[in-house]
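A short write-up of the structure that comes next.
The values are calculated or read from the model by the stated rules, or taken from the named source; none is laboratory data. Given the structure is predicted, the values throughout are model-derived calculations rather than measurements. Cβ placement follows ideal geometry from the backbone for every residue including glycine, while neighbour counts extend to all protein chains displayed. Please note that ligands, DNA and RNA were not included when accessible areas were found on the heavy atoms of the full protein model with its side chains. Shrake-Rupley method; radii C 1.70, N 1.55, O 1.52, S 1.80 Å.
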Amino acid sequence: MAERKQHRPGDGPYLAAIEAGGTKFNCAIFSVDGDVVAETRIPTTEPDETLSAVLAFFGQHAEKYGPFPGAGIASFGPLDLDPASATFGSIVSTPKPGWSGTNIRNTIREGLGTATLLDTDVNCAALAEGRFGAARDCSTHCYITIGTGIGVGIIANGESLGGTTHPELGHTRLPRAPGDTYQGLCPYHEDCVEGLACGPAMADRWGERPETLSDEHSAWDMEAHYVAALCFNIIYTVRPEKIVIGGGVFERKMLYGRVRQKLSGLLAGYALTPAEQDLESLVCAPGITETAPGLLGAFALAGTAAGLDRGGRHVD
């Protein structure tokens, strides 16, 4: 557990933020101006144990920083985000053992006794990039994560799209790369984009982890094809001003250039705005590097739940 910048009692309000992942839960207490004043990481085990540890962390700090007027959760999914649903706030049909049906929103809301908002981890990362990162001042932008899975968050006018659920563009199908005969790793669809291009699919296809492959390996050309094809579909469907790409696979920075090159060929100059023609600007790396973007997105949700504007003032 760590504490950061010193804040005096009465400096609040403070906000509770949680990035719920399949491996770990990142928990943080934020000041309204975005300083992390306390944080911890909790291993993701079974739901009762993990969520009890999360609530214990915030409880330990409640005397100094609480009560928290709002909490935000950026979670792995899929999630039930329909307020009219009997299972609103739950994780549904996840491959993570024991977590299907866990109502993460209600557990945190009741445990902290505060207004709580929930969204997907990738939607929250997209929200954070729009407020604090590479997509600032954009009315519409997307965040793609390419790692253990593939997810896409879409933000329009400061809010994530999806209605009563959320996009699952990582499970759409794309034209195969020339010569690709790999069956695909997705347990549901086999050869959706996640099944062909996520980190574990690359490792399964090539017999070694992506981080061990040389820049000259043909794996990267194939990976660039699938990511570019995904961007192609996003551009003609959503017309975003930015497509921010992050995740572990894109720690290989040369991939950005290869994706732009493939994407240029796929688009063929058809019906593009000047912004869409500038692929160096359109397709970019995350602007947030010090704090996990999903956790910052959870902080933004917490502010909304608390009825605060971006400057930390109460919204009438």
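Of note:
- Of all residues in region 124-131, none satisfies being over 26 Å from Ala285 (Cβ atoms), at pLDDT 95 or above and among the hydrophobic types (A, V, I, L, M, F, W, C).
- Within region 249-281, the set of residues being within 21 Å of Glu216 (Cβ to Cβ) and acidic (Asp, Glu) comprises Glu251 only.
- Residue within region 89-104 that is open to solvent by 30 Å² or more (accessible area, probe 1.4 Å), over 26 Å from Gly149 (Cα atoms) and of a type outside the set (A, V, I, L, M, F, W, C) present: no
- Number of the exception - Pro13 against (1) modelled with pLDDT of 95 or more; (2) open to solvent by 40 Å² or more (accessible area, probe 1.4 Å); (3) in contact with a Ser or Thr (Cβ under 9 Å, 6 or more places away or on another chain): (1)
- Odd one out for Ile146, checked against (1) open to solvent by 80 Å² or more (accessible area, probe 1.4 Å); (2) out of contact with any Ser or Thr (no Cβ under 9 Å at 6 or more places or on another chain); (3) not hydroxyl-bearing (Ser, Thr, Tyr): (1)
- Restricted to region 143-162, and to residues there that are of a type in the set (Gly, Ala, Ser) and in a strand (DSSP E or B), the residue that is nearest to Leu81 (Cα to Cα) is Ser160.
- Residue in region 119-133 that is surrounded by fewer than 23 Cβ atoms within 10 Å (Cβ to Cβ), part of a loop (DSSP other than H, G, I, E, B) and touching a residue at least 40 places away in the same chain (Cβ under 8 Å) present: no
- Region 18-50, subset among the acidic types (Asp, Glu) and over 23 Å from Val122 (Cβ atoms), residue surrounded by the fewest Cβ atoms within 10 Å (Cβ to Cβ): Asp33
For every residue, the table says whether it meets (1) farther than 20 Å from Val92 by Cβ; (2) touching a strand residue (DSSP E or B) at 6+ places or on another chain (Cβ under 8 Å); (3) of a type in the set (Phe, Trp, Tyr); (4) open to solvent by less than 20 Å² (accessible area, probe 1.4 Å).
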| residue | (1), (2), (3), (4) |
| --- | --- |
| Thr181 | yes, no, no, no |
| Cys186 | no, no, no, yes |
| Glu194 | no, yes, no, no |
| Ala197 | yes, yes, no, yes |
| Pro200 | yes, no, no, no |
| Ala203 | yes, no, no, no |
| Gly207 | yes, no, no, no |
